[in-house]
Amino acid sequence: MFGKKAGTEELEAFYPIRPECVAEIPKTRFKPRAGKTLSARRWQAAFSETGCLDIAKVLRRIQRGGIHPSIKGLVWEFLLGCYNPNSTLEDRNQLRQQRRERYSMWKTECRNMVSIIGRGNFITTPIITDDGQPIEVEGCRVTSAVSDKKVAQWMLILHQFGLDVVRTDRALAFYEDKANQAKLWDVLSIYSWVDDDIGYVQGMNDICSPMRENFRCSTTSIGVQSQLGTLSQVIKTVDPQLHKHLEDLDGGEYLFAFLMLMVLFRREFSFLDALYLWEVMWAMEYNPNIFWSYEQPDGASDSNYGQLNQKMLKQYGKFQRKNLETGYADKNNALAVFLVASVLETKNKQILKEAKGLDDVVSILGDITGNLDAKKACQEALKLQNKYLKKAKRP
């Protein structure tokens, strides 16, 4: 796995690029490294005989060198809280089966309303009018007028998912197959039906969607705005001069960083580097209570930090551990906020010297596409977190 061929070419064999798009995409920097990257062998060795995972050992490895593409899907299930590390293999098999049955039930429920769902196809044009009257679309049948408000609102946006799906990672050979595009459309369609509190927001197709709260919208705010507020506070604390300059440019709300936070830097990196960045971030932010926060939202808490010994603390990622040690509990204090802050800091002199308006700030930040090193960016974000926490604690 880490032989002489363990270079970019081997990695891109997992996510092949369409030949005509090779010249258009950022160069991939990530390469698996023996002794640092989590390999399939190290992953298997991290499980006990009953199937319990030594999450501390896994986190250390990921934070050093990411995850080999051959096991990303398996590891991500733990990083994103799908499974409790202390669960057995039998526990996980049962839970996986329950979830598959639940998804199948949701898919059937949606297909009963819109026949094309789960059929290997998708739509890019409306299927009903604003007043709920069916529109004839090839391959998709709505048999009668829709009067239920929730159903109508859902049906009215289904074609938008399709328009976003055809724009998703068009350079990847995977999405040349319409059946694969349809799988993404199915997930987005079913999710928006089941979680109508969030529904659908453009950008979900890019990350499909590990950061639910970033997409929460109301008549007065968008979920990611809370993180933008934290970003403003971080820059104001660690770099008052830069913050004042941005305020003078009417950029004090930091809306120019909106997309970076919304889709976790997906547009700034190659596909492989974005995956590497995400998994390192998730490992650094990892909280062993994440599974219970989904399964039993009222029962998971880190409030008893004083009772956590060193062994238990090692089950947290570096970033989350620092928050615990300093008592900093702001839920909007995400690593992504400090990543954006570190990018702003690297562009500090250029912004202060050249930015005469927000368009200039956007242009300067746009130059980072393809030029960021994911590992270095995470390291700088951790340094900035330390700097911020020290200054924020001063009277």
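Taking the Cα centre of segment 84-201 as origin and assigning +1 to Lys and Arg Cβ atoms and -1 to Asp and Glu Cβ atoms, the resulting dipole is close to 340 debye.
Full extension of the chain segment joining residue 157 with residue 145 gains 2.7 nm, where the gain is 0.36 nm per residue of separation less the Cα-Cα distance. For segment 89-208, rounded, prolate or oblate, judged on the Cα gyration tensor with a ≥ b ≥ c (square roots of eigenvalues), a/c < 1.5 rounded, else prolate if a/b > b/c? Oblate is the answer for segment 89-208, as a/c is 1.5 or above yet b/c matches or exceeds a/b. Amide H to amide H, with H built 1.01 Å from N, residue 128 comes under 5 Å of 135, counting only residues 5 or more places away or on other chains.
Each of 168, 251, 275 was placed along the dipole of the chain (beta-carbon charges, centred on the mean Cα), and the one lying farthest toward the positive end is 275. Its relative contact order, with pairs defined as Cα atoms under 8 Å and 6+ residues apart, puts segment 89-208 at 24 percent.
Going by Cα centres, segment 140-196 and segment 30-86 are how many Å apart? Using only Cα atoms, the two centres lie 32 Å from each other.
For the chain, the share of accessible area belonging to carbon and sulfur comes to 49 percent (1.4 Å probe, ligands and nucleic acids excluded).
Free of any chymotrypsin sites (Phe, Trp or Tyr not before Pro) that DSSP assigns to a loop and that have at most 14 other C-beta atoms within 10 Å, the longest stretch within the chain is 15-327.
State whether segment 1-147 is rounded, prolate or oblate according to the following rule on the C-alpha gyration tensor (a ≥ b ≥ c being the square roots of its eigenvalues): a/c under 1.5 gives rounded; otherwise a/b larger than b/c gives prolate, and the remaining case gives oblate. Taking the square roots of the gyration eigenvalues as a ≥ b ≥ c, segment 1-147 is oblate. Largest GNM mean-square fluctuation among 77, 20, 253, using the chain with Cα springs under 10 Å: 20.
Each distinct pair of alpha carbons in the chain adds a 1/r term; the inverse of their mean, the Kirkwood radius, is 23.1 Å.
Counting Lys and Arg as +1 and Asp and Glu as -1 over every other residue whose Cβ lies under 14 Å from the Cβ of residue 101, the net charge comes to +4.
For the options 234, 142, 224, a Gaussian network treatment of the chain with springs between C-alpha atoms closer than 10 Å singles out 142 as fluctuating the most. A crude spin-label estimate for the pair residue 244 and residue 393, with each label 7 Å from Cα along the Cβ direction, gives 2.7 nm. Within segment 339-393, the proportion of C-alpha pairs whose separation exceeds 15 Å stands at 52%.
Within the chain, helices built from complete DSSP H runs that reach 18 Å or longer along their own axis (Cα positions) and carry a mean Kyte-Doolittle hydropathy of 1.0 or higher are 271-284.
Can you give the accessible area per residue of segment 89-208, in Å², using a 1.4 Å probe? I get 54 Å² per residue for this part. If only the Cβ of Lys and Arg carry +1 and only the Cβ of Asp and Glu carry -1, the dipole of the chain around its Cα centre is close to 1960 debye. Work from the charge dipole of segment 89-208 (Cβ charges, +1 for Lys and Arg, -1 for Asp and Glu, about the Cα centre) and give the residue of 199, 139, 123 farthest towards its positive end. Checked the options; the winner is 139. To the nearest 0.05, how large is the calculated FRET efficiency for residue 50 and residue 386 if R₀ is 35 Å and r is the Cβ-Cβ distance? With R0 = 35 Å, the Cβ-Cβ based efficiency is 0.40.
Estimated from the Cβ-Cβ distance and a Förster radius of 22 angstrom, the FRET efficiency linking residue 103 and residue 135 is about 0.20. Mean-square fluctuation check for the chain, GNM, Cα pairs under 10 Å: which of 309, 323, 205 is largest? So, out of 309, 323, 205, the one fluctuating most is 309. Each Cα pair under 8 Å and six or more residues apart adds its separation to the average, and for the chain the resulting relative contact order is 17 percent.
Summing -39500 (n - 2.57) over the DSSP H runs of n ≥ 4 in the chain and dividing by its residue number, what mean residue ellipticity at 222 nm do you reach, to the nearest 500 deg cm²/dmol? Helix contribution divided over all residues of the chain: -15500 deg cm²/dmol. Within segment 85-182, the GluC sites (Glu not before Pro) that combine a DSSP coil assignment with at most 13 other C-beta atoms in a 10 angstrom radius are 136, 138.
The values are calculated or read from the model by the stated rules, or taken from the named source; none is laboratory data. Quick caveat, the model's predicted, so the values are computed rather than measured. Every residue, glycine among them, receives a Cβ derived from its backbone with ideal geometry; neighbour counts consider all protein chains shown. These accessible areas exclude ligands, DNA and RNA; they are computed on the full protein's heavy atoms, side chains included. Shrake-Rupley method; radii C 1.70, N 1.55, O 1.52, S 1.80 Å.
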